[in-house]
Structure formats: C-alpha cells, structure tokens
Amino acid sequence: MELRVLKYFLAVAQEENLTRAAETLLTSQSNLSRQLADLENELGKKLFIRGSRKITLTEEGLYLHKRAREIIELTERTENELMVFDQMMSGTVHIGAAESQVMRNLAKVMMELRVTYPLISFDIFSGSTIEVTEQLDKGIIDFAVLVAPIDFTKYDYIKLPSEEVLGLIMREDSSLAEKKVITSQDIGDSPVIVSKQQLSSNILSSWLGADMKTLNIVATFNLITSPAMMVEAGMGVAFTFDKLVMTDVTNQLTFRPLSPAVTTNIYLVWKKTQVFTRAANLFLEQMKQYLSDGNSD
C-alpha cells in the first residue's frame with residue numbers, strides 16, 4: 001500500500017463522496033476511483049459500499065481507516081522529527097496521559113523547559129490507561145503517564161510525585177454527602193458510574209469485597225469530564241480520583257474518599273526500545289531534575 005493511496009482512501013472516507021474527495025485532493029474523479037479500485041484488488045477486500053447518495057465503509061474499510069490514520073500520523077511525525085533532528089532547540093514531545101492531577105507537575109516541567117528552549121512544544125493525548133498504553137506501544141507517543149498497576153516488563157519508568165486517592169463524586173444534596181468517607185456498605189443499590197478500567201481491574205472489587213458488576217452500574221466511561229456532568233444532573237455517583245473534578249458551589253459536586261482508603265501511584269513510562277528525539281530527551285532530563293530537586297506539590 002502506498003501512502004498516497006491511503007491518503008486518497010482517508011479523504012473518500014471523510015467526504016463520503018468521490019467528487020468532493022477528488023476536489024479536496026486536487027485530482028480527477030476517474031483517477032481517484034481507479035486508485036481505490038486498485039487498493040481493493042490489492043487487499044482482496046471490499047472497502048466501500050457505494051450508495052446513490054454517499055459512500056460508506058464496510059467492516060474491513062473501518063478497520064483500514066483506523067490503521068491508515070495511524071500509519072499516516074506516524075509517517076508525518078517521523079518526517080517532521082527528522083527535519084529538526086539536529087536542532088536541539090526545537091521539536092515536539094508527544095505525551096499520552098491517563099487522568100491524573102500529576103499533570104500539574106508535568107506542566108511545571110514543560111514550562112521550565114520552554115524557558116530555555118521556547119521552540120519545543122508538546123502534543124498531549126488524553127485517554128484511559130488502555131488507550132494511552134496502546135499509543136505508547138505503537139510508537140505514536142514518546143511517554144505515557146499511567147496509573148498503577150502496570151506491567152513494566154517492556155518499559156522504563158520513573159515514579160511521579162503523586163499518590164492518587166480514589167473516591168466518589170456526588171451532588172452535595174446526596175445522602176452519601178453526609179458522610180466523611182464512603183464504605184462498601186454505604187453504596188448499597190445507589191446508581192453508580194464507573195470507568196471501564198475500574199471494571200477490568202481488581203482494585204475496587206477488593207475494596208467492595210465483591211465483583212464490581214454486582215453494583216447498580218448505570219453508565220461506564222473512559223474520561224471523567226462528561227460523567228461529572230451526568231452526576232451533576234442527578235444520574236448517580238461516580239468513582240474517580242480526587243482533584244480531577246472541580247467541586248465547588250458552581251457545579252454543586254463534592255468528593256468523598258473511600259474507606260478503607262484506596263490509593264495508587266502514578267508513573268512516567270516509555271518503551272525500553274524507544275529512540276528519543278533531542279526534544280524528548282531534554283524533557284526527560286528536565287523531569288528527572290525536577291524530581292531530584294524534591295518537588296512534590
């Protein structure tokens with residue numbers, strides 16, 4: 001598969017129309033149609049369903065769409081990094097981050113680095129631990145901020161100065177808000193919103209003393225922003241780490257830690273085989289210096 005043809009494929013998938021895609025790509029419709037037919041023949045798979053009004057992707061087409069975007073993104077990033085490889089003062093550091101208050105610490109390191117090297121920039125991918133790890137393994141990001149437990153077999157890492165405290169966010173008028181801490185017995189059949197990672201790990205199940213799926217789960221999520229709005233609307237309570245959601249009079253939410261306390265550590269992780277750009281190396285050295293200086297706030 002040629003990169004040019006993959007870009008053609010992505011353009012058609014986005015526009016859902018050959019004519020509009022051809023105009024975007026500055027090529028003829030006949031050439032575009034021929035290139036796509038050749039791609040389908042090369043792969044031996046039907047990628048498009050050509051309707052009277054629009055073109056949609058088949059199941060195989062959806063799979064290729066995901067992979068093609070990753071291939072193009074990685075190729076363009078590699079080209080950009082090679083162009084500035086010998087320029088220590090510039091470049092982009094790619095960081096994937098699961099939700100954690102430790103990003104405040106990383107922001108301080110980023111700002112300190114940019115004081116000396118103002119042409120260095122940062123690209124942040126936010127997602128669940130599963131999503132971020134996938135990006136790291138594919139080489140799309142340089143570093144990942146991950147919540148323990150982590151299998152460190154193929155990674156190097158440094159422990160970050162933050163211990164995450166797990167608890168519940170709820171409306172201030174919730175009956176649970178009357179308690180200072182939340183025990184497993186307090187949950188009862190209250191409607192709860194949990195992350196997919198919490199369901200797949202045993203941390204909360206150990207605290208609960210039962211399978212998490214025995215709870216009255218009304219929704220699952222990857223990132224807490226939208227679920228916090230659902231809690232505000234009265235849909236239920238949500239398990240999350242402290243200080244990720246603003247709890248003030250504006251949104252009428254409050255946080256209560258679990259009892260016994262459930263805490264976990266945060267790590268900055270990178271692949272053992274990772275070849276860093278100078279910008280990424282500088283960031284890592286700045287991060288290590290920040291930690292060696294005893295910063296923990």
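Please enumerate the residues belonging to segment 25-49 that are in contact with a Ser or Thr (Cβ under 8 Å, 6 or more places away or on another chain) and open to solvent by 30 Å² or more (accessible area, probe 1.4 Å).
Within segment 25-49, GLN29, LYS45, LYS46, ILE49 qualify.
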Note to self: So in segment 128-142, with the set limited to residues that are hydrophobic (A, V, I, L, M, F, W, C) and part of a helix (DSSP H, G or I), which one is modelled with the lowest pLDDT?
What the structure shows: ILE130
Notebook entry, point to check: Taking segment 184-203, which residues are surrounded by 15 or more Cβ atoms within 10 Å (Cβ to Cβ) and under 26 Å from PHE125 (Cα atoms)?
Noted result: ILE193, VAL194, SER195, GLN197, GLN198, LEU199, SER201, ILE203
Margin query: Could you check segment 18-57 and list, in sequence order, the residues that are polar (S, T, N, Q) and out of contact with any strand residue (DSSP E or B) (no Cβ under 6 Å at 6 or more places or on another chain)?
Written below: THR19, THR24, THR27, SER28, GLN29, SER30, ASN31, SER33, GLN35, ASN41, SER52
Check: Just one of ARG114, ARG171 is modelled with pLDDT of 90 or more, of a type in the set (D, E, K, R) and buried (at least 16 other Cβ atoms within 10 Å of the Cβ); which is it?
Finding: ARG171
Checklist line | Close pairs from segment 218-239: first in contact (Cβ under 8 Å) with a residue 60 or more places away in the chain and more than 23 Å from THR263 (Cα to Cα), partner open to solvent by 60 Å² or more (accessible area, probe 1.4 Å) and of a type in the set (Lys, Arg), Cβ under 8 Å, at least 6 apart | finding: GLU232/ARG171; GLY234/ARG171
Next item on the list: With a cut-off of at least 1 residues that are acidic (Asp, Glu) and more than 30 Å from VAL275 (Cα to Cα), name the helices (runs of 4 or more DSSP H) lying wholly within segment 147-223.
Entry: 184-187
Margin query: I'd like to check something: does segment 280-297 contain any residue that is part of a helix (DSSP H, G or I), modelled with pLDDT under 90, small (Gly, Ala, Ser) and under 30 Å from GLY91 (Cβ atoms)?
Written below: yes
Next item on the list: Could you grab the pairs with beta carbons closer than 7 Å, sequence gap of 6+ or different chains, first residue in segment 63-82 and open to solvent by 80 Å² or more (accessible area, probe 1.4 Å), second one in a helix (DSSP H, G or I)?
Entry: ARG69/LEU10
Next item on the list: Using the structure shown, decide if ALA21 is free of Cβ contacts under 8 Å to residues at least 24 places away in the same chain and not hydroxyl-bearing (Ser, Thr, Tyr).
Entry: yes
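The values are calculated or read from the model by the stated rules, or taken from the named source; none is laboratory data. Being a predicted model, the structure only gives us computed values, none of them experimental. Note that we place each Cβ from the backbone using ideal geometry, even for glycine, and neighbour counts take in every protein chain shown. Each accessible area value is taken on the protein alone, full model and side chains, heavy atoms only, with ligands, DNA and RNA left out. Shrake-Rupley method; radii C 1.70, N 1.55, O 1.52, S 1.80 Å.
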